[in-house]
């Protein structure tokens with residue numbers, strides 16, 4: 001998962017100059033690879049003025065913690081939000097949608113009484129148009145597009161990162 005931060009010198013900023021540099025995480029050594037290269041940064045006098053990541057990053061987030069997060073995501077092979085969703089246990093996010101084909105619909109309805117299966121299909125607006133389907137909060141089939149699924153992943157990105165951090169014993173003040 002790409003995590004890029006623009007780190008600026010707080011001291012230089014307070015004197016009226018915005019300095020800094022873009023860095024892609026993880027790096028080998030935060031001090032050497034980031035802070036030593038930011039003009040005017042002394043000690044902890046830095047802040048994150050911009051970032052590119054699928055989750056929110058606070059301007060005063062710890063670069064050490066962000067770097068550990070980037071390393072952990074890389075170690076687990078998590079390249080995007082779908083990989084992250086697959087890794088964490090997100091009870092508040094709807095189950096992963098499945099392609100709307102007969103095999104997957106049959107799998108979702110497996111174990112249901114015939115009338116219950118029909119009611120689920122009707123209530124869920126079973127759609128043969130190629131949309132994705134999922135079970136909603138009361139176990140009815142529900143149609144959703146790929147765009148809806150990606151939007152839902154983005155909406156829950158911060159929660160998924162917090163869950164990942166708690167499972168991996170990482171700080172989560174991003």
Selection count, segment 37-89, where residues are in contact with a strand residue (DSSP E or B) (Cβ under 7 Å, 6 or more places away or on another chain), farther than 17 Å from residue 171 by Cβ and in contact (Cβ under 8 Å) with a residue 60 or more places away in the chain:
0
Result of the Cβ filter at 6 Å on segment 146-162, keeping first residues that are over 19 Å from residue 58 (Cβ atoms) and partners that are at pLDDT 90 or above, at least 6 apart or interchain, is 153/81
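The values are calculated or read from the model by the stated rules, or taken from the named source; none is laboratory data. This one's a predicted model, so the numbers in the text were calculated from it and none came from an experiment. Every residue, glycine as well, gets a Cβ built from its backbone with ideal geometry; the counts of neighbours run over all protein chains shown.
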